Amino acid sequence: MATAAHWIAGARVRTLPAAVAPVVIGTAVAVYDDRGVWWRALLAAVVSLALQVGVNYANDYSDGIRGTDDERVGPLRLVGSGLATPAAVKRAALLSFGVAAVAGLALAAATSWWLVLVGAVSVLAAWYYTGGSKPYGYLGLGEVMVFVFFGLVAVVGTTWVQTERWGTAGWASVAAGAGVGALACAILVANNLRDIPTDEVAGKMTLAVRLGEARTRGFYAVLVGLSVAALVVLAALTSWWALLGLGFLLPALAATRIVLGGAQGPALIPVLQKTGVAELAWAVLAGVGLVVG
């Protein structure tokens, strides 16, 4: 029970902020545009959450069967720890992707069928992050995937399925997607910073391994700065009330101090939680500002 609880807690750090934040801020942009549709927002949340859960299970499965998680410093993994069989974890990943597909098809039927293509690409990107013979997560491209799919695509898609038009709302959703996407990337960067020694041994050439420890720490700080810049752009396009989102800096700066302070190994685990809280705070507080505005 304790090991299962540890796995769930670790997965929650990665799943909830990255799944909820894009839908919250994407819906807030739609509401600001006077075109919010609650049931479409709910379906977008199901898609986002199911994809995130699927990614977690898929990564657990693929890294586990490769042996990447045999010597793990961070939160427990199911396959690597022997808590679950690879087949069971793979089924859980496919089931999660299936739930995302059903909800996505409902949104496509209500709006436009080209969303089916976007959904299919999203699922493939989620699986091949660590799956397949040449996973791109092992080539240092994981941050690109996170920024594009759990930042830009998730936020812009959430806004578009409600407004069904571009205009100012479209550009505002791009800015919002860049903001939450940067913080989602920061979670991955902190995770990979912690795992540099074991990833190097396992041949997992993440961006952190390629950059090295010092530059990876600097990159984390750059991502936090990018999220601030994106928030200013969002406010300029919509309402300056969106700057309420600057409240995210409280947990973000606390996490940045830990990263720049040279913390290593288990000492970096709190950074994941603080960055996740920062991402969710960015979306919720900026979203409240847009609704008020």
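Bear in mind these aren't lab numbers, they're just calculated from the coordinates by the rules spelled out. Here the structure is a predicted model, which is why all the values come from computation and not from measurement. Reconstructed Cβ throughout: ideal geometry from the backbone, glycine too, with neighbour counts over all protein chains shown.
Just a few scattered comments:
- Condition check for Gly151: crowded, with 23+ Cβ neighbours inside 10 Å, out of contact with any Pro (no Cβ under 8 Å at 6 or more places or on another chain) and assigned to a helix (DSSP H, G or I): no
- Single condition Leu243 does not satisfy, out of (1) over 18 Å from the mean Cα position of the chain (by Cα); (2) of a type in the set (A, V, I, L, M, F, W, C); (3) under 20 Å from Ala184 (Cβ atoms): (3)
- In the stretch 230-260, residue surrounded by the most Cβ atoms within 10 Å (Cβ to Cβ) [restricted to those that are out of contact with any Leu (no Cβ under 9 Å at 6 or more places or on another chain), among the aliphatic types (A, V, I, L, M) and over 20 Å from Val277 (Cβ atoms)]: Leu237
- Residue match in the stretch 115-133 (condition: touching a residue at least 60 places away in the same chain (Cβ under 8 Å), more than 15 Å from the chain's Cα centre (by Cα), part of a helix (DSSP H, G or I) and over 26 Å from Leu226 (Cβ atoms)): yes
- For Ala263, the conditions (1) under 22 Å from Val155 (Cβ atoms); (2) surrounded by 18 or more Cβ atoms within 10 Å (Cβ to Cβ) are fulfilled apart from (1).
- Extreme residue, surrounded by the fewest Cβ atoms within 10 Å (Cβ to Cβ), among residues of the stretch 25-65 that are in contact (Cβ under 8 Å) with a residue 60 or more places away in the chain, under 24 Å from Val148 (Cβ atoms) and among the charged types (D, E, K, R): Asp33
- Of all residues in the stretch 231-245, those being of a type outside the set (Val, Ile, Thr) and outside any helix (DSSP H, G or I) number 1.
- Within the stretch 31-48, being more than 20 Å from Gly142 (Cβ to Cβ) and under 15 Å from the mean Cα position of the chain (by Cα) holds for Ala44, Ala45, Val46, Val47.
- Number of positions in the stretch 193-215 that are in a helix (DSSP H, G or I), more than 19 Å from Gly151 (Cβ to Cβ) and either among the aliphatic types (A, V, I, L, M) or within 20 Å of the chain's Cα centre (by Cα) (or both): 8
- Residues (more than 18 Å from Leu211 (Cα to Cα) and buried (at least 24 other Cβ atoms within 10 Å of the Cβ)) located in the stretch 176-193: Ala176, Gly177, Gly179, Val180, Gly181, Leu183, Ala184
- The selection criterion, being farther than 19 Å from Gly26 by Cβ and surrounded by 15 or more Cβ atoms within 10 Å (Cβ to Cβ), holds for Ala93.
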